[in-house]
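I have placed the structure first, in the form of structure tokens, so that the comments after it can refer back to it.
The values are calculated or read from the model by the stated rules, or taken from the named source; none is laboratory data. On a predicted model such as this, the values are computed, not experimentally measured, just so you know. In this analysis, Cβ positions are derived from the backbone assuming ideal geometry, glycine residues included, and neighbour counts consider all displayed protein chains. With ligands, DNA and RNA removed, areas are computed over all heavy atoms of the protein, side chains included. Shrake-Rupley method; radii C 1.70, N 1.55, O 1.52, S 1.80 Å.
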Amino acid sequence: MTADNNRKFDQLELNSDVFAFQAVESHIDLKRMIGDAASTFHVPVLHHNIEPDDEEKGRTILMVKGKSTQGLDCILLKSGVFTISIPEFASKTDVMLCYALLREAKKQCELMLIYQNDDNTIADLSDDAERETFSYRLDNMTKVIEQQDDHIGIEGVNHLFHIFPTYVKQQQPNAKPEAWAYKAYEDFASVEWDYEDYPSVDPAKIIYSTFASE
């Protein structure tokens, strides 16, 4: 791969989102928030705890069984701030779970401010905003398939997901890019949940840079 190609791939911009609110001062019951949000789904909401760092009180990945691709990275900081991160390749259900959590938190404290990506942007929790958030994930997948030809490995909640953009294009030569993205997310979720004995592999090179959507 040439240096020019490397620069081209490094310039690929993908959208991610981080929501934050003050849980302690707002007296948010996080367990109840998660439980109430989980009750809106017809399948279990699972969690995978991660060892917190020095600034964190707790950290876990929340995921919907059978539906999540990358899940949600949820962190309670020692400062009392709670953050929910939606990764670049989160599934539609991951996005639904995030908004369900935020809406449940808002029910507990209507006056609480929830910020999105920076300290100046108040999160929009409307249905339209939820749909737009997932549309950014479709855009991310479309960019990867359209603008790269090399094998890509993306970390999921259970397994590494492999994409071969050239193969995708060959299999659906007349499809619109959005159709490629939808199919890729279906395959991603299938790999994460349908293959308990999926072979362990080393992560493939992932060539992209990320930034938080405005």
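Listed values, structure above:
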quantity	calculated
Chymotrypsin sites (Phe, Trp or Tyr not before Pro) lying in DSSP loop within the range 28-101, provided at most 16 other Cβ fall within 10 Å	Phe41
Cα-Cα over 26 Å, subset of Lys57/Lys143; Lys67/Lys176; Lys107/Lys183; Lys31/Lys57	Lys57/Lys143; Lys107/Lys183
Spread of Cα-to-Cα distances over 5 Å intervals beginning at zero, given as percent, for the range 4-83	3, 13, 18, 20, 17, 11, 8, 5, 3, 1, 0
Percent accessible area from carbon and sulfur atoms, the chain, protein chains only, probe 1.4 Å	48 percent
Calculated log₁₀ intensity ratio I(q)/I(0) where the Debye formula runs over C-alpha points of the range 127-186, q = 0.21, 0.27, 0.29, 0.30 Å⁻¹	-0.84, -1.17, -1.26, -1.30
Accessible area per residue in Å² at 1.4 Å probe, computed on the chain	56 Å²
Segment Leu12-Thr166, extension gain: residue separation times 0.36 nm, minus the distance between their alpha carbons	53.7 nm
Whole-Å semi-axes of the ellipsoid equivalent to the range 1-141 (Cα gyration tensor, √5λ, descending)	27, 18, 16
Diffusion coefficient, µm² s⁻¹, Stokes-Einstein with Kirkwood Rh over alpha-carbon pairs of the range 72-126 at 4 °C and 1.567 mPa s	107 µm²/s
For the range 12-22, Karplus couplings with θ = phi - 60° (6.51, -1.76, 1.60), whole Hz, Gly/Pro x	5, 9, 10, 8, 9, 9, 10, 9, 9, 8, 7
Ellipticity estimate at 222 nm from DSSP helix runs (n ≥ 4, -39,500 (n - 2.57)) divided over the chain, nearest 500	-12000 deg cm²/dmol
Label-to-label distance, nm, for residues given as Arg131 and His48 (7 Å Cα→Cβ offset)	3.2 nm
Largest-first ellipsoid semi-axes for the range 87-178, taking √(5λ) over the Cα gyration tensor eigenvalues, angstrom	33, 14, 11
The range 25-79: trypsin sites (Lys or Arg not before Pro) in DSSP loop, at most 15 other beta carbons within 10 Å	Lys65, Lys78
Mean Cβ neighbour count within 10 Å, used as a protection proxy, ranking 132-142, 46-56 highest first	132-142, 46-56
